[in-house]
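> Structure below; questions to follow.
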Amino acid sequence: MTKRDQPLVLVVHGIQDGPCEICEQLAREYRVKEVPSIAAAVEILESGEIISLLVTDSHLPDGTGLQMLDETLDFWPPPPVVFMVAQDDDKAAAEALSGGAMDYITKGVTGELRLSQILSTVLARTKAERLAQQRAREMGVLNAILIALNRAMFEEPVLSTIVKEVKALLGTEACSIIMVDDQSDQMFLRASTRLPVRDMVLPVPASK
């Protein structure tokens, strides 16, 4: 994997007196972008740049990590958030997790190997959840189509819209709707994104 293909991690760490240690650790596996405040992070999120993971300090110059978390969750899809908390600050960690953060790390305590494990797990879990959400949306669209068909909405504009939407949703090369005439046992092509239709009769009987 080239550097360009690596996930982009946005680190919101406030004003640092020295180099950002967490950023240096992350840079060994990820692309890292550092910002000092909530406002700067929101500006990047609004730009549409794809952020794979957001790591935020619990205390920032213009607010708290919980406020940063709330701002992040307003975007869709929101990048997963990992909190950085001070040692023995169990309250901040608990609030972060209950507020929607995926995990937390303890500054000065969480080692590099453990950090790598946490972030890898968060990214993998987020990818799985998004695939599940996409699948749920696909099934929702297909279910709506079936309901429309069961209501005898066989007009050509409706069918043309259905094949175009399903093709785009599933990313297929083409999509067609075939209907069966129970009386004649014939199949008719009623809509297609590729084939000419004109009530084309398919040569294979429906019973076959």
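The values are calculated or read from the model by the stated rules, or taken from the named source; none is laboratory data. All values derive from a computational prediction rather than experimental measurement. All Cβ positions, even for glycine, are placed from backbone atoms using ideal geometry, and neighbour counts span all protein chains on display. What goes into the accessible areas is simple: the full protein's heavy atoms, side chains included, and nothing from ligands, DNA or RNA. Shrake-Rupley method; radii C 1.70, N 1.55, O 1.52, S 1.80 Å.
> Apply 1/(1 + (r/R0)^6) to the Cβ-Cβ distance of Ala168 and Arg31, taking R0 = 22 Å, and write down the FRET efficiency to the nearest 0.05.
Rounded to the nearest 0.05, the efficiency is 0.15.
> Also: Quick check: at a probe of 1.4 Å, how many percent of the accessible area of the stretch 4-68 sits on carbon and sulfur atoms?
48 percent
> By a straight-distance test (C-alpha under 29 Å), which lysines pair with Lys127 as possible cross-link partners, with residues fewer than eight away in the same chain excluded?
Once the sequence-local lysines are set aside, what remains near Lys127 is Lys3, Lys33, Lys91, Lys107, Lys164, Lys167.
> Between Arg4 and Gln117, what length in nm is gained on full extension when 0.36 nm per residue of separation is reduced by their alpha carbon distance?
Result: 38.5 nm gained on full extension.
> Let me ask something else about it. For the chain, what is the mean residue ellipticity at 222 nm derived from helices alone (per DSSP H run of n ≥ 4: -39500 (n - 2.57); sum divided by total residues; nearest 500 deg cm²/dmol)?
The per-residue figure over the chain is -14000 deg cm²/dmol.
> Find the accessible area per residue for the chain; the probe is 1.4 Å, ligands and nucleic acids are left out, and the unit is Å².
For the chain, the per-residue accessible area is 61 Å².
> What FRET efficiency do you get for Ile147 and Val201 if R0 is 35 Å and r is their Cβ-Cβ distance, rounded to the nearest 0.05?
0.80
> May I ask for the angle, rounded to the nearest 10°, between helix 112-150 and the longest principal axis of the chain, with both axes built from Cα atoms and the value confined to 0 to 90°?
For helix 112-150, the angle is close to 20 degrees.
> Applying the Karplus parametrisation 6.51 cos²θ - 1.76 cosθ + 1.60 with θ = phi - 60° to the phi angles of the stretch 44-49, what ³J(HN,Hα) value in whole Hz is obtained for each residue in order, glycine and proline being reported as x?
Using θ = phi - 60°, the values come out as 5, 4, 5, 5, x, 4 Hz.
> Give the calculated FRET efficiency between Leu97 and Ile50 to the nearest 0.05, with a Förster radius of 30 Å applied to their Cβ-Cβ distance. Display every interim value, and only then the final one.
On the way: r = 25 Å, r/R0 = 0.82.
Rounded to the nearest 0.05, the efficiency is 0.75.
> When all protein chains stay in place, what accessible area (Å², nearest 10, 1.4 Å probe) is found for Ile38?
It works out to around 10 Å².
> Using mean Cβ contacts within 10 Å as the protection proxy, how do 80-91, 111-122, 170-181 order, highest first?
Put in order of decreasing packing, that is 80-91, 111-122, 170-181.
> May I ask for the angle, rounded to the nearest 10°, between helix 90-99 and the longest principal axis of the chain, with both axes built from Cα atoms and the value confined to 0 to 90°?
Value to nearest ten degrees: 20.
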